[in-house]
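**Q** This is the structure I have questions about; it appears just below.
The values are calculated or read from the model by the stated rules, or taken from the named source; none is laboratory data. Just so it is clear, the structure is predicted and the values come from calculations on it, not from any experiment. Virtual Cβ from ideal backbone geometry, glycine too; neighbours counted across all protein chains shown.
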Amino acid sequence: MRDHIPVVVQGSGRRARRAGLAGALWAAAELIVTAGVVVLLLVVHQVWWTNRQALAAARDEVHALERSWAEEPAVRPTPAPDPPPGEGATPAPEDAPESAPQSRDEPGSGVEGSPGTGPGPGSGGSAAAGRGVEPPARDGSYAILRIPRLGVVVPVAQGIDKRAVLDKGYAGHYPGTAAPGARGNFALAGHRNTHGEPFRYINRLRAGDELIVDVRGERYTYVVGKALGQTTERDTGVIAPVPRSVVRPDQGYTEPGAYITLTTCTPEYTSRYRLVVWGTLRR
């Protein structure tokens, strides 16, 4: 009787190991592709979809403001007749000083477009000084900013909270800074990228360009004068009543006036620094 001799197939174990390795690599590749697709979708949502949503919402808000102003125009008070000579109190001068500024030593807020916390409510330049329209106390749109050179038309809301204001595609009015048209500094923040990115191209503004602010029954036209290409988020001087950088003291203004300030993040798609554009009210 002949013994049965088993046949050994050479290389079968090696092929099995290769097949196992190939399967593992294929599974890893599928995971990488899936993760890449998810990341791509997130980027598309953040960069493209949020822009579409915010732009549409901001445009609707502009139209709503314009309709409300047309339906309920501002009622201007009828001026009282001049008193006879020698009667009546002498009015206070328009540029009478207000209360002393509050401390601005608080840390920066970290909000995109924000160079930190601004001056407090007593810092001057409010509508109480005799010019301008007082904004609402809370996060509600009350004005429209138009930048003809850039084709920008954006609602202005009180406050610089991201969720309540900036992420809606609005420009946010720094609390405590001057009212539109008032003496002092009317300071605004806005996104440079995503969520409508209304301030994306403010670096293209040049001296002499117009910044138009509409409120109910009033229009204020500012003229771009200066820009600061880069500063830190804690540079609160750029939104002071007389705007002047505390990081670069050679940048800004030295005389009281009626100013507008636009702030946003720079470089694009980061929030490391702040870009600033200043303008003055056209008389």
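**Q** Looking at segment 191-207 only, could you name the residues that are modelled with pLDDT of 95 or more and either more than 19 Å from L166 (Cβ to Cβ) or not charged (D, E, K, R) (or both)?
**A** Listed by number, the residues that qualify are H191, P198, F199, Y201, I202, N203, R204, L205, R206, A207.
**Q** Test Y201 against the criterion of being within 23 Å of A56 (Cβ to Cβ), aromatic (F, W, Y) and surrounded by fewer than 18 Cβ atoms within 10 Å (Cβ to Cβ), and give yes or no. Before the answer, list the steps.
**A** Details: within 23 Å of A56 (Cβ to Cβ): yes; aromatic (F, W, Y): yes; surrounded by fewer than 18 Cβ atoms within 10 Å (Cβ to Cβ): yes.
Yes.
**Q** Touching a Phe, Trp or Tyr at 6+ places or on another chain (Cβ under 9 Å), farther than 21 Å from A57 by Cβ, acidic (D, E) and modelled with pLDDT of 95 or more, is that true of E210?
**A** yes
**Q** Working only within segment 175-198, note down all residues that are among the polar types (S, T, N, Q), buried (at least 24 other Cβ atoms within 10 Å of the Cβ) and in a loop (DSSP other than H, G, I, E, B).
**A** Once the filter is applied, which keeps residues that are among the polar types (S, T, N, Q), buried (at least 24 other Cβ atoms within 10 Å of the Cβ) and in a loop (DSSP other than H, G, I, E, B), segment 175-198 yields only T177.
**Q** Got a sec? Which of Y259, Y273, Y220 is touching a residue at least 24 places away in the same chain (Cβ under 8 Å) and surrounded by 24 or more Cβ atoms within 10 Å (Cβ to Cβ)?
**A** Selected residue: Y259, the only one of Y259, Y273, Y220 that is touching a residue at least 24 places away in the same chain (Cβ under 8 Å) and surrounded by 24 or more Cβ atoms within 10 Å (Cβ to Cβ).
**Q** Oh, and also: When only residues in segment 228-256 that are of a type in the set (D, E, K, R) and part of a loop (DSSP other than H, G, I, E, B) count, which is surrounded by the most Cβ atoms within 10 Å (Cβ to Cβ)? Can you show your working first?
**A** If we filter segment 228-256 for residues that are of a type in the set (D, E, K, R), which is where we start, we get 233-235, 244, 248, 250, 255.
When the remaining residues are screened for being part of a loop (DSSP other than H, G, I, E, B), the result is 233-235, 248, 250, 255.
On the way: E233: 21, R234: 19, D235: 25, R248: 16, D250: 6, E255: 5.
If we take residues in segment 228-256 being of a type in the set (D, E, K, R) and part of a loop (DSSP other than H, G, I, E, B), then D235 is surrounded by the most Cβ atoms within 10 Å (Cβ to Cβ).
**Q** What about D161, is it out of contact with any Ser or Thr (no Cβ under 7 Å at 6 or more places or on another chain), among the acidic types (D, E), in a loop (DSSP other than H, G, I, E, B) and over 30 Å from R67 (Cβ atoms)?
**A** No; evaluated as a whole, the condition is false for this residue.
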